[in-house]
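Novice: Below is one structure. I have some questions about it.
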Amino acid sequence: MPKPKPGRKASDAKSARARRSGVNLPATVARRAPKQAELKYVPWNTVELEELNPLLERQLVVGQDIMLARVLLKKGCVVPEHSHPNEQLTYILEGALKFWIDGKEIIVRSGETLAIPRNMPHKAEALEDTVDLDVFNPPRADWINKTDQYLRKR
């Protein structure tokens, strides 16, 4: 049996070889069974409308592995440049957003969609009053926990 690389245990090297060969080894730590996803019917008028600043409000519906946000931006609202480990789909219901992303300026209008990969820095500005749906996978922990200070500046 070959020697494991420095800093690795022999069992780690064995596990890595097993994964490469397609063999499933039992976990060494007990794993919790995934929580069963639940069916939800959610009318938007029952979801809290959270005011983040005078130009920005949002509503969240959170599933097991996905989150839908209805974001309301007044004309001139700027979402500062940020990135996150979540994949994002943005669909504009009404209005228009101008994005600065990947060295480009992209205007997304009503009926259009923008797919933003994980960890890609982006910034947006509402060119008019805008209603947008953002889908995130996995759900945004910072939005759920209300630790998204970059949006809460007054």
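Derivation of every value follows stated rules applied to the coordinates shown; laboratory data play no part. Treat the numbers as computed from the prediction; the structure is a model and nothing was measured. All Cβ positions, glycine included, derive from the backbone under ideal geometry; neighbour counts span all protein chains shown.
Novice: Mind scanning K98/K153; K40/K104; K40/K123; K74/K153; K40/K74; K75/K146 and naming the pairs with a C-alpha gap bigger than 26 Å?
Specialist: Details: K98/K153 20 Å; K40/K104 38 Å; K40/K123 32 Å; K74/K153 15 Å; K40/K74 29 Å; K75/K146 24 Å.
Too far apart for the 26 Å limit: K40/K104; K40/K123; K40/K74.
Novice: Which cross-chain or sequence-distant (5 or more) residues have an amide H under 5 Å from the amide H of C77, H modelled 1.01 Å from N in plane?
Specialist: Amide H neighbours of C77: A126.
Novice: Turning to a different aspect of this structure: To make sure I understand, if each residue's beta carbon is the centre and we count other beta carbons within 10 Å, what order do Y41, Y150 fall in, fewest to most?
Specialist: Values: Y41 5, Y150 12.
Lowest count first: Y41, Y150.
Novice: Right, something else. Among V71, V135, which comes first, second and so on when ranked by fewest other beta-carbon atoms within 10 Å?
Specialist: Working: V71 24, V135 17.
Taking fewest neighbouring Cβ atoms as first place, the list is V135, V71.
Novice: Within a 10 angstrom radius of the beta carbon, how do V42, V108 rank from fewest other beta carbons to most?
Specialist: Values: V42 12, V108 20.
Exposure proxy ranking, most exposed first: V42, V108.
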